[in-house]
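Here the structure comes first, spelled out in structure tokens, and everything after it is commentary.
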Amino acid sequence: MKIMGPVPLKGEVEISTSKNAILPILAASLLSEEKKIIHKIPDIDDVEIIIQLIKELGIKVNYFDKSIEFNGSYNQIEPPFELVRQIRASFLVMGPLLARKGSVRISLPGGCAIGTRPIDLHLKGFAILGAQIIQAGGDIIAKGKLRGNHIYLDFPSVGATENLIMAASLAEGTTYIENAALEPEIIDLTNFINSMGGKIKGAGTNVIKIEGVKKLKETEYYPIPDRIEAGTYMVAAAASRGNILLYNVIPEHVKSVTAKLIESGAEVSESDKQIRVKGSDIIKPVYIKTLPYPGFPTDMQAQFMAYLSCAEGSSIITESVFENRFMHVQELLRMGANIKIEGRTAIIKGVRSLDGANVKATDLRAGAALFIAALMARGQTIITDSEHIDRGYEKVTDKLRALGADITR
Ligand code: UD1
């Protein structure tokens, strides 16, 4: 990805469907063999991989426009290794397969290299629901009839909450997930399952009650817009000292990002499903600590660091969700940023401006941070390994170009 900067972004941008909502929803389509239609499917690589995985299990998949229809029964319970290793969210098919088929074999997942990202909470939860878990080679095998139970999560893991909701939705009896994740994507997943006849209450709070049902039925569903894509364009607007209107966004879902942008001096105004962000010439330093929702999202940390690297003063960012999520720092340093890392904290001393450089996208959000830095920087930036960005940003080149960026792939 080649970007010539600096360019203030101006215009309007439509936010796509949430990657982190659609992935578990696609996985949950394995909970039943009835017809399901899901609309507004984003054209991003992670979604393509999960759809491919569902196809490999034997489900019939039809596309029409940006919608997808799943149909028919399936008997395969071993998702192919080549697909699972590419994306961590592929592990979300474990709960549905176990609940629907009584057995699943899956290799340990891949995805962004942002820390060890264990799956112990998922497995502990399945065991509490009565599954027998065996680790063989690089694979996890889970089997057995699931029965409702109380599950306390040591940490409100998004993926574990989702996997356990899906497993419990077909278990016999009632399950309570305590210390559940509160993310909007959890609510969207439960709305999807409930639209098929599931009986889930309390999503969005830290105790979720799931009454198991015998069977789920047909549905048609529109998932929520992507709050991280929205947050990224909001920061890009502020960082480039531009002025952007985002539409198809839920302002409530990006409150922490809005608050930090306002604190940094940007102007943010909201109306129904729209947000306008206008950058300020002077960026004020801010303090950020990433936390589970509704705290500041770890998925917005790298983009904010790029932005704050040109603040007037020193900012502090503490990453409390993942233990190794500062890989973008090295690349921002190449562009002239002044950042020091101490454990899980980064101290960002603002510089007057960044300079274009050759940099590498080490993961999805690190890649987003680099295109934001490139929009602020003087001269040409070349981002290699930019395919990481396509995992989560639909038509990113087109969208940035429409906002005035000088960008080519
Ligand atoms: C999801 C999002 C990802 C986001 C993250 C945190 C999707 C597809 N991905 O990832 O974009 O960055 O939430 O908001 O929705 N953990 C354990 N044991 C487990 C599970 C998690 O220790 O069994 C730890 C992880 O290592 C990490 C923390 O919990 O330190 C958060 O992980 P989790 O909430 O599970 O994130 P994901 O679901 O993988």
Can you name every residue in the range 123-160 that is closer than 16 Å to Leu31 by Cα and within 13 Å of the ligand (Cβ to nearest atom)?
Phe126
Go through the range 270-296 and count every residue that is of a type in the set (S, T, N, Q) and over 17 Å from Ala236 (Cβ atoms).
2
Contacts under 7 angstrom Cβ, first residue in the range 311-327 being modelled with pLDDT of 95 or more, partner of a type in the set (Phe, Trp, Tyr), 6 or more apart
Ser315/Tyr287; Ile316/Tyr287; Ile317/Phe304; Glu319/Phe326
Which of (1) within 16 Å of the ligand (Cβ to nearest atom); (2) more than 28 Å from Ile151 (Cβ to Cβ); (3) out of contact with any Ser or Thr (no Cβ under 7 Å at 6 or more places or on another chain); (4) not in a helix (DSSP H, G or I) does Ile41 not meet, given it meets every other one?
(3)
Flagged pairs (Cβ under 6 angstrom, 6 or more apart or on separate chains; first in the range 156-175, in the same structural domain as Lys209 (by TED's automatic domain parsing); second more than 10 Å from the ligand (Cβ to nearest atom) and charged (D, E, K, R)) are Ala171/Arg147; Glu172/Arg147; Gly173/Arg147; Thr174/Glu211
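Quick grid of which residues meet (1) in the same structural domain as Ile250 (by TED's automatic domain parsing); (2) outside any loop (DSSP other than H, G, I, E, B):
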site: Gly11; (1), (2): yes, yes
site: Asp46; (1), (2): no, yes
site: Gln52; (1), (2): no, yes
site: Phe70; (1), (2): no, yes
site: Glu78; (1), (2): no, no
site: Leu83; (1), (2): no, yes
site: Leu92; (1), (2): no, yes
site: Pro96; (1), (2): no, yes
site: Arg105; (1), (2): no, yes
Where the second residue is of a type in the set (Lys, Arg) and away from the ligand (no atom under 12 Å from the Cβ) and the first is at negative phi and lies in the range 291-305, which pairs have Cβ atoms under 9 Å and are six or more apart or on separate chains?
Pro294/Lys255; Gly295/Lys289; Phe296/Lys260; Phe296/Lys289; Met300/Lys260; Phe304/Lys260
Of the residues in the range 350-393, those that are part of a helix (DSSP H, G or I) and either surrounded by fewer than 20 Cβ atoms within 10 Å (Cβ to Cβ) or free of Cβ contacts under 8 Å to residues at least 12 places away in the same chain (or both) come to Glu387
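The values are calculated or read from the model by the stated rules, or taken from the named source; none is laboratory data. Nothing here was measured: the structure is a model prediction, and the numbers come from that model. For neighbour counting, all protein chains shown are included, and Cβ atoms are generated from backbone atoms with ideal geometry for every residue, glycine included.
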